[in-house]
Each structure stands twice: as structure tokens, then as C-alpha cells.
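See below for the structure under consideration.
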Amino acid sequence: MRRRRHGRDKEAPELDITAFLNLMVVLVPFLLVSAVFSRVTILELNMPSGAGGGAPDDPTVTVEVVVRKQAVEISDGEKVIARFPNLNATEERETVQPGVTVVEADGQNTDLAVLPTAEVYDLKKLTEFLLQVKASYPEKTDSILLMEADIAYEHLVGVMDTVRGAEVRVEGSDPSDPEAVEKVILFPDISIGDAP
């Protein structure tokens with residue numbers, strides 16, 4: 001009698017993943033060691049809200065800092081209460097377009113966009129005035145920063161840093177003592193907009 005072979009039991013071929021596992025053993029530590037963990041600093045800004053938005057800290061007080069080419073103005077929302085002129089403003093410069101180099105009488109070139117903010121705007125007087133406002137309204141933390149369209153980004157950041165906080169020397173301390181300076185938070189909740 002003939003034996004009938006019913007088809008051999010077919011076994012599924014085994015998948016050899018040894019090489020893949022070896023690759024993973026080497027690759028995972030390499031990726032972890034070579035990964036660059038960067039720290040991203042984010043400055044939170046409050047965008048102006050429409051009608052029915054969140055209520056300000058004190059509805060009777062508004063702190064608006066308006067940065068123009070000619071001056072930095074502080075407003076209460078209706079009228080200008082302080083004005084600090086541009087330290088480099090002359091009649092010639094007021095008519096010059098941003099980014100255009102101005103040739104001074106002494107022959108040196110000056111570009112207002114590349115000057116440090118403290119050399120363009122009187123940040124010291126701005127800080128002193130904001131400290132007075134903060135002393136009058138210590139619970140107030142929000143402010144509005146309005147910029148003209150042609151203001152350099154560096155100046156935006158410089159004025160924003162001044163509005164957010166100031167370094168104040170403790171009264172009666174030695175002027176040469178660096179530890180006698182303390183950081184005072186002024187108006188850290190800043191909304192940004194275009195100047196009228």
C-alpha cells in the first residue's frame with residue numbers, strides 16, 4: 001500500500017532580528033548622548049482682547065507706554081501724562097527714514113536703528129516715572145505698550161524690559177556694592193499694539 005504523504009507540516013520561517021536588536025542597542029545610547037537639549041525662553045504677552053475681554057486689575061488706571069521715533073510717552077489712556085524725548089532727536093533726524101544712515105557734522109555715521117536703546121531713549125527717567133506710578137498703584141501689574149511702525153525690534157525689547165521691571169539701589173547703601181541692588185517688578189503683564 002502506498003503511503004500517502006499529506007503535505008509536510010510547513011513551519012513558518014523564523015525572523016532573525018538579532019542584527020536589528022544590535023543596531024538598536026548601539027543607536028539608542030548614541031541618540032541620547034548626541035541629543036541637544038535646548039532651553040527656549042518664552043515671554044508671555046497679553047494680546048488686546050475684544051469687547052467683553054478680561055477686566056484689568058484696576059479699571060480706573062491704565063498704563064500706556066507709547067514709543068515713537070521722537071519720544072517715549074506715558075499715557076493714562078486718554079492723555080499723555082509724561083514725555084521723554086529721544087536723546088538723539090534733531091530736526092534733521094526726525095525727517096529721516098528708518099535704516100537710513102545720518103551723517104553728523106563731525107563726519108561720523110549714525111544709524112538710530114543700531115544704537116542701544118538706552119542711547120536712543122531715556123530709560124532712566126522712564127524707569128523713575130514708572131516707579132512713581134507703581135508706588136501709587138502697587139497692585140497694578142498690567143500695562144499696554146504701543147509702538148510706531150518704524151521702531152527697531154531692539155528698542156521694542158529694551159523698552160519692554162524697562163516696563164516689566166527695574167533694578168533699584170537700596171537707600172543708604174554703598175554705590176560700589178553690587179549686592180545693594182534689588183530687582184523691582186513693575187508691570188510684567190504687557191499687551192502690545194500699534195501706536196495711534
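The values are calculated or read from the model by the stated rules, or taken from the named source; none is laboratory data. Worth saying up front: this structure is predicted, and the values here are computed from it rather than measured. Cβ coordinates were reconstructed from backbone atoms using ideal geometry, including for glycine residues, and neighbour counts include every protein chain displayed. Calculation scope for accessible area: heavy atoms of the full protein, side chains included, ligands and nucleic acids excluded. Shrake-Rupley method; radii C 1.70, N 1.55, O 1.52, S 1.80 Å.
Couple of notes before you dig in:
- Heavy-atom SASA rank of Thr62, Thr18, Thr127 (probe 1.4 Å, accessible area, largest first): Thr18, Thr62, Thr127
- Residue order by solvent-accessible surface for Glu182, Glu167 is Glu167, Glu182, largest first, with ligands and nucleic acids left out and a 1.4 Å probe.
- Taking the average, over residues, of other Cβ atoms within 10 Å as the packing measure, peptides 150-158, 25-33 rank 150-158, 25-33 from highest down.
- For the pair Arg169 and Leu31, a Förster radius of 35 Å applied to the C-beta separation gives a FRET efficiency near 0.10, rounded to the nearest 0.05.
- Here the extension length gained between Lys79 and Leu21 equals 13.7 nm, from 0.36 nm per residue of separation less the Cα-Cα distance.
- Tensor-based shape of region 122-177 (alpha-carbon gyration tensor, a/c under 1.5 rounded, otherwise prolate or oblate): oblate
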